[in-house]
Amino acid sequence: MRKAFLIFTACGLLFAQMNEKEQNIIREIALQSHKEYAHVLRNALKTKLQKEGEAKAIEYCYNNANALTMDTSAKLSRKLKVRIKLKRVSFKNRNPYNYPNLNEYKILKRMEKEKTDENYLIMAEYPRKIQTFQALYVKKVCLKCHGSNLKDTVRKTLKKYYSHDKAINYKEGDFRGAIVVTIDKKSLKKHLNKLSQNQ
Ligand code: HEC
């Protein structure tokens with residue numbers, strides 16, 4: 001991932017008040033979190049698809065996607081010493097929990113319109129949190145479960161587990177949603193204070 005960072009909204013302004021070194025630390029926290037989570041998801045999907053096929057992979061996602069996300073959030077929080085929450089959001093979502101809130105929705109719409117590169121992170125700051133967004137676009141492999149020409153077994157399995165599925169009929173290159181990293185500002189400030197005391 002290129003180290004590009006766009007500042008999109010700034011409500012709390014903590015980031016703007018920080019010196020360059022502190023801003024770089026936040027950048028690093030966000031980049032590492034996006035990288036690690038994308039890696040975990042990609043690996044899980046690849047292994048399941050190769051070994052057991054689409055239907056089993058969907059079943060696996062249904063049973064484990066949430067736990068995998070929470071687990072990775074906890075691991076990253078320990079490693080980076082800042083409270084991190086990971087998630088995926090989409091307005092054409094499969095899992096009802098992955099629908100964006102109002103602020104996230106606005107950012108997603110803008111990313112879709114501007115075709116934000118997958119290598120960029122969009123940052124939004126709020127009074128209690130900083131969020132970074134990374135766009136996701138549909139690749140060929142995604143069409144097996146998110147496309148329009150689905151195998152019967154895939155269709156059946158999706159119906160069984162996701163009765164309100166909106167995440168089909170995508171085409172290659174479509175905007176699919178975003179990975180969102182939420183950084184808790186209170187723990188971030190503590191971490192930065194500690195770092196500056198140790199200098
Ligand atoms: C084996 C089938 C399968 C494949 C292949 C697949 N997905 Fe999914 N995808 C799922 C399932 C099942 C969920 C719901 C997971 C859950 O319950 O949180 C999901 C959820 C998502 C979500 C979260 C938002 C939502 O709709 O709930 C995103 C984003 C996503 N997929 C993107 C992708 C992308 C990008 C690719 C290709 C790189 C891809 N998927 C490939 C099955 C698949």
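Miscellaneous remarks
- With neighbours defined as other Cβ atoms within 10 Å of a residue's Cβ, the residues 142, 61 order from fewest to most as 142, 61.
- Degrees, to the nearest 10: 20-80 long Cα axis against longest axis of the chain: 10
- Positive-end residue of 76, 136, 169, charge dipole of the chain with Cβ unit charges: 76
- Straight-line reach from residue 159: taking Cα to Cα under 13 Å and skipping same-chain neighbours fewer than 8 places apart, the aspartates and glutamates in range are 59.
- The chain: angle of helix 102-114 to the longest principal axis, Cα-based, in degrees nearest 10: 80
- As a proxy for reagent exposure, 78, 176 were ordered by neighbouring Cβ count within 10 angstrom, fewest first; the result is 78, 176.
- Computed over region 55-187, the P(r) tail beyond 25 angstrom holds 30 percent of alpha carbon pairs.
- Residue exposure proxy: 155, 128, ordered by other Cβ atoms within 10 angstrom of their Cβ from fewest to most, comes out as 128, 155.
- Near residue 21: Cβ cut-off under 11 Å, other residues only, Lys/Arg at +1 and Asp/Glu at -1. The net charge is -2.
- Taking Cα atoms only, the orientation of helix 185-197 departs from the longest principal axis of the chain by about 50 degrees.
- 16 Å Cα-Cα reach of residue 109 towards lysines, excluding residues that sit fewer than 8 places from it in its own chain: 92
- The count of lysine pairs in region 20-88 whose Cα atoms are under 15 Å apart, excluding pairs fewer than 8 places apart on the same chain, comes to 8.
Read-outs throughout are calculated quantities, based only on the coordinates presented, and are distinct from any laboratory measurement. Please read these numbers as outputs of a predicted model, since none were measured by experiment. Every residue, glycine as well, gets a Cβ built from its backbone with ideal geometry; the counts of neighbours run over all protein chains shown.
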